[in-house]
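This report refers to the structure that appears directly beneath it.
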Amino acid sequence: MAHFYIYGDESGKLAISDFTSFCGYVGHAEEFSRVMSEWDTCRFSWEAPPIHMRLVMNPERDKSGEWERLRAKSGKGWEGRRDAMLMDFSTILDDSRLACVGCVVDSNHFRKMPSSPWRDNMQDPLFLGLYTLIMNSLDKIDRVDKKSTVSLVVDDDPQYAKDCYDLLDALKTKFPRVNDRVTAITFGDDSAYPALQMADMIAFEARSLMVKRLSAPDYAATGLYTALTKRQIHQPTFWSAEYLDRAAVIP
């Protein structure tokens, strides 16, 4: 029997940020094994530390100093090298048989919404994020396999991991489909799990796109976002204020 994995990560703390994302990738275990090997080979060729977009874009925030050293080594050509490197990584996903899943949430609007059956059922932005990540994944898996088990892997941050475990337990209680299919949850160090680095990259890019489109609705997706979403075939759900309000009133 086939086995599928979901790797997910957040960008912007779902509990406190105004705009947050919980995104990642879903696919067959064997395909993840192949793609993660290629990801590490790409890191080797670029001499890159584990990919964490917040640090890639702001090397001075990296406490280990690795990204700052790479920027210093690149000199004035850093931004060009960085962008070429990120596109190289995104091409791995564009060429893969993995699918992007998850969502970006206008968390500030969600927290201000009045009580309703849908709003109360979704509880908070983190619950909505995990719900969307899992349901989006199951919808895609069901197109080829309605019986295989699914494992969820998320970043091993102490409080974040505990929250995800508790929320998955709540989802299993509320939704038989989740209880029947999602049979394991794993917490991993993103430096050792390349697929969590992939999840971090799309979570960061998707959140950036939603924020930019708030002030410029026609803002075009970057080449990086397009590649990470397989030419926008598999995109995260954008829970904008308008979309949240519509969901709350649909019976």
- Tell me the label-point distance for the pair R111, D40, using the 7 Å Cα-to-Cβ offset, in nm and rounded to one decimal. 3.9 nm
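What net charge is computed for the residues neighbouring E47, neighbours being all others with C-beta under 14 Å from the C-beta of E47, Lys and Arg scored +1, Asp and Glu -1? Don't skip to the answer; put the middle values down first.
On the way: positive: R43, R69, R71, K73, R81, R82; negative: D40, E66, E68, D88.
Within the 14 Å Cβ shell, the charges total +2.
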- Size of electric dipole in the chain: Cβ of Lys, Arg +1 and of Asp, Glu -1, about Cα centre, debye, nearest 20: 420 debye
- Query: Can you pull the three principal axis extents for the Cα set of segment 9-86, in Å, largest first?
  - Reply: 39, 36, 22
- Message: Given contacts defined as C-alpha pairs under 8 Å and at least six residues apart, what's the relative contact order of the chain, whole-number percent?
- Response: 34 percent
- Karplus ³J(HN,Hα) for segment 107-120 (6.51 cos²θ - 1.76 cosθ + 1.60, θ = phi - 60°; Hz, whole; x = Gly/Pro) runs 5, 4, 5, 4, 5, 8, 5, x, 4, 7, x, 5, 4, 5
- The ³J(HN,Hα) series, computed from each phi in segment 20-27 with the Karplus coefficients 6.51, -1.76 and 1.60 at θ = phi - 60°, rounded to the nearest Hz and given as x for glycine or proline, is 9, 9, 9, 10, x, 9, 10, x
- Quick one: dipole size for segment 3-48, taken about the Cα centre, charges +1 on Lys/Arg Cβ and -1 on Asp/Glu Cβ, in debye to the nearest 20. 60 debye
- Given trypsin sites (Lys or Arg not before Pro), DSSP loops and at most 15 other Cβ atoms within 10 Å, the longest exposed-site-free stretch of the chain is 148-230
- Convex hull volume per residue in cubic angstrom - Cα atoms of segment 55-116: 154 Å³
- Using alpha carbon centroids, what distance separates segment 52-117 and segment 165-244, in Å? 13 Å
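How large is the charge dipole for segment 12-99, taken about the Cα centre, if only the Cβ atoms of Lys, Arg (+1) and Asp, Glu (-1) carry charge, to the nearest 20 debye?
Working: 13 positive and 15 negative charges, 79 e Å.
The calculated dipole for segment 12-99 is roughly 380 debye.
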- Counted charge near L98, where neighbours are those whose Cβ lies closer than 12 Å (Asp, Glu -1; Lys, Arg +1): -1
- Could you please report the charge total around M198, scoring K, R as +1 and D, E as -1 over all other residues with beta-carbon less than 10 angstrom from its beta-carbon? -3
- Fully extended contour minus Cα-Cα distance, from E68 to N179, at 0.36 nm per residue: 35.6 nm
- Item | q = 0.13, 0.19 Å⁻¹, segment 69-215: log10 I(q)/I(0) [Debye, one scatterer per Cα] | -0.74, -1.35
- Item | Debye intensity ratio in log₁₀ form over the Cα atoms of segment 33-145, taken at each q of 0.11, 0.15 Å⁻¹ | -0.58, -0.87
- Dipole of segment 85-208 (Lys/Arg Cβ +1, Asp/Glu Cβ -1, origin at the Cα centre): which of P176, L133, A206 lies farthest to the positive side? P176
- Go through segment 156-251 and name the chymotrypsin sites (Phe, Trp or Tyr not before Pro) that are in a DSSP coil and have 10 or fewer other Cβ atoms within 10 Å of their Cβ. none
- Item | Whole-number D in µm²/s for segment 105-176 (Stokes-Einstein; Kirkwood sum over Cα pairs; 20 °C, 1.002 mPa s) | 157 µm²/s
- Message: Accessible area of segment 56-122 with a 1.4 Å probe: how many percent of it is carbon plus sulfur?
- Response: 49 percent
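The values are calculated or read from the model by the stated rules, or taken from the named source; none is laboratory data. Predicted, not measured: the structure shown is a model, and the values here were computed from it. Heads up, the Cβs are rebuilt from the backbone with ideal geometry, glycines too, and the neighbour counts pull from every protein chain shown. Only protein heavy atoms, including side chains, enter the accessible area calculation; ligands, DNA and RNA are left aside. Shrake-Rupley method; radii C 1.70, N 1.55, O 1.52, S 1.80 Å.
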